[in-house]
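Scroll down for the structure; my scribbles are underneath it.
The values are calculated or read from the model by the stated rules, or taken from the named source; none is laboratory data. On a predicted model such as this, the values are computed, not experimentally measured, just so you know. Glycine also receives a Cβ, built like all others from the backbone with ideal geometry; neighbour counts cover every protein chain displayed. Please note that ligands, DNA and RNA were not included when accessible areas were found on the heavy atoms of the full protein model with its side chains. Shrake-Rupley method; radii C 1.70, N 1.55, O 1.52, S 1.80 Å.
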Number of protein chains: 2
Amino acid sequence: MVRGKLLIAQGGGPTAVINQSLVGAVLAAGERDPTLRIYGARHGVRGIIDEDFVDLTDEAPENLEAVAATPGAALGSTRDKPDLAYCQEIFRVLKAHGIGTFLYIGGNDSADTVRIVSEEARKEEYALRAVHVPKTIDNDLMANDHAPGYPSAARFVACAFAGVDLDNAALPGVYVGVVMGRHAGFLTAAATALRGADEGPHLVYLPERTFDTDRFLAEVKAVHARLGRCVVAVSEGIHDETGAAIATKLVKHVERDAHGNVQLSGTGALSDALTGTIKDHLKIKRVRGDTFGYLQRSFLGCVSDVDQREAREAGRRAVRFAFDVERDGSVAITRTEVKPYTVSFGLERLDAVGGKTRVMPDSFIAESGSDVTPAFLDYVRPLLGAGLPAKAALRAPAVEKLLGGAS
Amino acid sequence: MVRGKLLIAQGGGPTAVINQSLVGAVLAAGERDPTLRIYGARHGVRGIIDEDFVDLTDEAPENLEAVAATPGAALGSTRDKPDLAYCQEIFRVLKAHGIGTFLYIGGNDSADTVRIVSEEARKEEYALRAVHVPKTIDNDLMANDHAPGYPSAARFVACAFAGVDLDNAALPGVYVGVVMGRHAGFLTAAATALRGADEGPHLVYLPERTFDTDRFLAEVKAVHARLGRCVVAVSEGIHDETGAAIATKLVKHVERDAHGNVQLSGTGALSDALTGTIKDHLKIKRVRGDTFGYLQRSFLGCVSDVDQREAREAGRRAVRFAFDVERDGSVAITRTEVKPYTVSFGLERLDAVGGKTRVMPDSFIAESGSDVTPAFLDYVRPLLGAGLPAKAALRAPAVEKLLGGAS
């Protein structure tokens, strides 16, 4: 029998598959010990200090499966990042409810929360097993090949750019699409995943490289001159040589969350500034921009089956590690084979993941700084999952001009 | 044997299914007369005056099927709207190439182009049969129950709002999503199609009603007070009591296309202005906005099978009407039965469709002016097609608080 109750919470931005991890953990825990009581905290650590718990023990498996297939965080999420006082409050509640195991599904901030909670538990000699379950569309977790949530968001971005590229080919001009990703360019880079020869995005600007407006304009101009059009993928996190985000330079009221992060999403300012700059300097008539925003992480019906299975397994493994391994940690995904694509799940140290940020390796970024490499395409394509829609062009031959038409 | 060659072109904004109409017409024409030569004009009427034709006659059926399943306009599109001189130039080219039938797939501007071309042909006693094939995500064509392109775009908007509503429920606050639709609110209204009780969008602002900022703020405040969050769907075309678009009041450089239409898409200004207003006046901390932009009409893999079949059929019928009916016209869709959903295809007069705009009937708009009616939901739901993703919530009971937690 497992000692104490199991408590599960979800933190940070929701994804298409964070509920898979929740359901994987609940089902695995129930199989492991049918007498175990399983609580869920509403809205992450905030729900713990508020004692806002639901009892998941008797949730019907059929409904759990339906929840697993639903995007968003079914327990609710939070942006709170506990400090010491917050953690002491967490303990008071965990003790009162007899919680023996704590699973927190989230990104590197959530991993850091688990690290603090774990350390405080040890200091107070409270018998708690705490495990972090990885989740982030940004794909910026250290010690992971990739994180659950990224593959589905990458699929969305890839399908979005495949579509806007077809649209731009039909009505030529310049198109700028702004993609989420504060420090890591993985999601922006995924814009290239379905790209064919001369298809867009023709230029990709990542936060791993310094953004230079003059070079940007010269590159857009060159592509437009060659193809009569240009599709650009830009990360919301692009910055100048001082490290200042291009987005924050343009927004009057900078908003910061509890982690000190500047609010970059939920505004079209960066896209509007970039398209305005192109119009002003390059005298190209049709220039359009979109900010993909929250659709990237929430769109109902765009999910990678690879991601679904891995997120489910990450939740299951968290339960196994919590009950069988004598230390706290963070579930981590390693790619064990490239072809066929194979992964394994390990337990990393919390301080190897918590509060740290992984960025794109140099091997994934083209020499130009404004494109990806074939190595990145080999990395991202197996993650997108099955059933990707195809696209095709007409092959019809041109008809001879009889009147010497203009083009 | 059919007299002269068949010429097909695509105009206006691409959609998820405009290539279905193209392929439907090409295949139907080939079946009708295997000796018929079928040309496609690249980039709409612009391609005609430029003599930029491709010969579709021998395009492989397998490739045509692949093109049909691809979003965007495979022939390329245009925003050009021919005047008399432009039309005279069109005739010169049509005569030179021996075109006997002209099919133009597009919206109400394209229908008006066909009307002008048709009238000029009659004046010049040139034997041309000209048929307009309906297409628009705005769904603003007169004499149609709905237009091909709308169902797939409606599905995208419905899935997007279902997703952002789940996201907003997980991280509560106010969310504003701006949807395409200059004069007609059909696409914005589709945001409600998958909505359950107390789910978002909780408020819907349509161009059919005057937008009043004070009332908007009061309504957002009331929903937020009741549910702790609020999701809002807004049409890009909302306007004040003078008819001035709220978007254009906020954009410094107003851009107009060849039709005199103000450029409303491809900028995040309206969303940013509305979220800024909410932050300033309601002191709500988490306020986010997105502009759905070009993803609504181009996203690869979000398509209604109802829309696919109807767009294909509209193209097929255009060929039948062109060869069997002794007048020019516009293919139009009538809903013949509500349950089960059934449609028929007729041939409308060009001047009943061309250059005219249909808006939402009053019966589809709630008394409040900021929501839809059940009649609209009955109208839109059969259009969304099969295989809509489901969503589910946890049913777990709350756990008794032991320490009198804060919430």
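When the trypsin sites (Lys or Arg not before Pro) in region A:342-407 are filtered for DSSP coil states and for at most 15 other beta-carbon atoms within 10 Å of their beta-carbon, the remaining sites are A:Arg349, A:Lys356, A:Arg395. Panel note: contact residues of region B:348-397 (accessible area lowered by at least 30 Å² against the chain on its own; 1.4 Å probe) correspond to B:Pro389, B:Ala392, B:Leu394, B:Arg395, B:Ala396, B:Pro397. Largest mean-square fluctuation among B:Val179, B:Val23, B:Val287, in a Gaussian network model of chain B whose springs join Cα atoms under 10 Å apart, belongs to B:Val287. Against the empirical 2.2 N^0.38 Å (N residues), the protein assembly as shown has a Cα radius of gyration ratio of 0.98.
Taking both sides together, the accessible area buried where B meets A is about 6900 Å² for a 1.4 Å probe. Interface residues of region B:282-297, defined as those losing at least 50 Å² of solvent-accessible heavy-atom surface relative to the isolated chain (probe radius 1.4 Å), are listed as B:Arg288, B:Asp290, B:Tyr294, B:Leu295. With the simple spin-label model, which puts each label point 7 Å out from Cα in the Cβ direction, the A:Glu241 to A:Asp362 separation comes to 2.0 nm. The charge dipole of the protein assembly as shown, taken about the Cα centre with unit charges on the Cβ atoms of Lys, Arg (+1) and Asp, Glu (-1), comes to about 60 debye, rounded to the nearest 20. Chain A versus the axis that turns it onto chain B: the residue with the nearest Cβ and the distance in whole Å amount to A:Gly268, 1. Working from label points 7 Å from Cα in the Cα-to-Cβ sense, the A:Asp145 to B:Ala60 distance is 3.5 nm.
So how many Å³ per residue does the convex hull of the Cα atoms of region A:328-379 work out to?
In region A:328-379, the Cα convex hull volume per residue is 83 Å³.
May I ask you to rank A:Tyr126, B:Tyr104 by accessible area, largest first, using a 1.4 Å probe over the protein chains only?
Heavy-atom accessible area, descending, gives A:Tyr126, B:Tyr104.
For chain A, the equivalent ellipsoid derived from the Cα gyration tensor has semi-axes of 43, 23, 17 Å, listed largest first. Rolling a 1.4 Å probe over the protein heavy atoms of chain A, with every protein chain left in place, gives an accessible area that is 50 percent carbon and sulfur. Distance between the C-alpha centers of region B:331-369 and region B:37-114? Whole Å please. Cα centroid to Cα centroid, the span is 26 Å. For chain A, a Gaussian network of Cα nodes joined below 10 Å ranks A:Gly24, A:Gly185, A:Gly346 by mean-square fluctuation, and the top entry is A:Gly346. Given +1 at the Cβ of Lys and Arg, -1 at the Cβ of Asp and Glu and no other charges, the dipole of region B:44-201 around its Cα centre is 360 debye to the nearest 20. Size of region B:295-370: Rg and Dmax of its alpha carbons, in Å, are 15.8, 49. The alpha carbons of region B:1-52 stretch over 33, 26, 11 Å along the principal axes, in descending order. Adding -39500 (n - 2.57) for every DSSP H run of four residues or longer, then dividing by how many residues chain B holds, sets the calculated 222 nm ellipticity at -11000 deg cm²/dmol. Each of B:Ser370, B:Leu171, B:Ala189 was scored by the projection of its Cα onto the charge dipole of chain B, and the greatest displacement toward the positive side belongs to B:Leu171; charges sit on the C-beta of Lys, Arg, Asp and Glu.
Compare the Cα positions of B:Leu270, B:Ala111, B:Phe216 along the charge dipole of chain B (+1 at Cβ of Lys, Arg; -1 at Cβ of Asp, Glu; about the Cα centre) and return the one farthest towards the positive end. Comparing the listed Cα positions along the dipole, B:Phe216 ranks first.
Computed from phi, the 3J(HN,Hα) profile of region B:358-365 under the Karplus parametrisation 6.51, -1.76, 1.60 (θ = phi - 60°) reads 8, 10, 5, x, 4, 5, 9, 10 Hz, with x in place of Gly and Pro. Of all DSSP-defined beta bridges confined to chain A, some 30% are antiparallel rather than parallel.
Dividing the convex hull volume of the alpha carbon atoms of region B:54-105 by its residue count gives 101 Å³ per residue.
Under a 5 Å amide H cut-off, with hydrogens placed 1.01 Å from N, A:Lys5 pairs with A:Ile99, A:Gly100, A:Thr101 among residues at least 5 apart or on other chains. Evaluated with a Cβ-only charge set (Lys, Arg +1; Asp, Glu -1), region A:274-360 carries a dipole of roughly 620 debye about its Cα centre, given to the nearest 20.
Over all alpha-carbon pairs in region A:269-407, figure out the percentage whose distance exceeds 25 Å. Value for region A:269-407 (Cα pairs over 25 Å): 59 percent. Coupling constants for region B:270-278 follow from the phi torsions by the Karplus curve (6.51 cos²θ - 1.76 cosθ + 1.60, θ = phi - 60°), and in residue order they are 5, 4, 5, 5, 5, 5, x, 4, 5 Hz; glycine and proline get x.
Report the full-extension gain for the segment B:Arg122 to B:Ala392: residue separation times 0.36 nm, less the Cα-Cα distance, to one decimal in nm.
91.3 nm
State which entries of A:Lys285/A:Lys391; A:Lys135/A:Lys356; A:Lys135/A:Lys391; A:Lys81/B:Lys285; A:Lys283/B:Lys356; A:Lys95/A:Lys123 exceed 21 angstrom in Cα-Cα distance in the structure shown. Over 21 Å Cα-Cα: A:Lys285/A:Lys391; A:Lys135/A:Lys391; A:Lys283/B:Lys356.
Amide H contacts for A:Val176 (H built 1.01 Å from N in the peptide plane; partners 5 or more residues away or on another chain; cut-off under 5 Å): A:Val232, A:Arg288, A:Gly289, A:Asp290.
Residues whose amide H lies under 5 Å from that of A:Gly12, counting only those 5 or more places away or on a different chain, are A:Thr78; hydrogens are built 1.01 Å from N in the peptide plane.
For region B:281-407, the share of DSSP beta bridges that are antiparallel, to the nearest 5, is 100%.
Its relative contact order, with pairs defined as Cα atoms under 8 Å and 6+ residues apart, puts region B:116-193 at 29 percent.
Computed from the Cβ-Cβ distance with R0 of 51 Å, the FRET efficiency linking A:Leu84 to A:Val338 stands at 0.75. From Cα pairs below 8 angstrom and at least 6 apart in sequence, can you work out the relative contact order of chain B, rounded to a whole percent? After rounding, I find 21 percent. Each copy carries A:Asp58; placing its label point 7 Å along the C-beta direction from Cα gives inter-copy distances of 7.3 nm, listed from smallest up. To check you understand DSSP bridge types, tell me what percent of the beta bridges within the protein assembly as shown (both residues inside) are antiparallel, rounded to 5. For the protein assembly as shown, the DSSP antiparallel bridge percentage is about 30.
Per residue, the convex hull spanned by the Cα atoms of region A:1-103 measures out at 80 cubic angstrom. Rounded to whole numbers, the Karplus 3J(HN,Hα) couplings from phi for region A:184-198 are 10, x, 3, 6, 4, 4, 4, 4, 8, 4, 10, 7, x, 4, 6 Hz, using 6.51 cos²θ - 1.76 cosθ + 1.60 with θ = phi - 60°, and x at Gly and Pro. Hey, with R₀ at 60 Å, roughly what FRET efficiency would A:Asp212 and A:Val325 work out to, going by the Cβ-Cβ distance, to 0.05? Efficiency at R0 = 60 Å is approximately 0.80.
Based on C-alpha pairs under 8 angstrom that are at least 6 apart in sequence, region B:1-124 has a relative contact order of 39 percent. The residues of chain B expose, per residue, 36 Å² of accessible area to a 1.4 Å probe.
FRET efficiency for the A:Thr277 to A:Ala225 pair, using the beta carbon distance and R₀ = 22 Å, is estimated at 0.80.
Averaging the Cα positions of each part gives two centres, and for region B:374-401 and region A:151-174 these lie 28 Å apart. For the options B:Gly13, B:Gly106, B:Gly293, a Gaussian network treatment of chain B with springs between C-alpha atoms closer than 10 Å singles out B:Gly293 as fluctuating the most.
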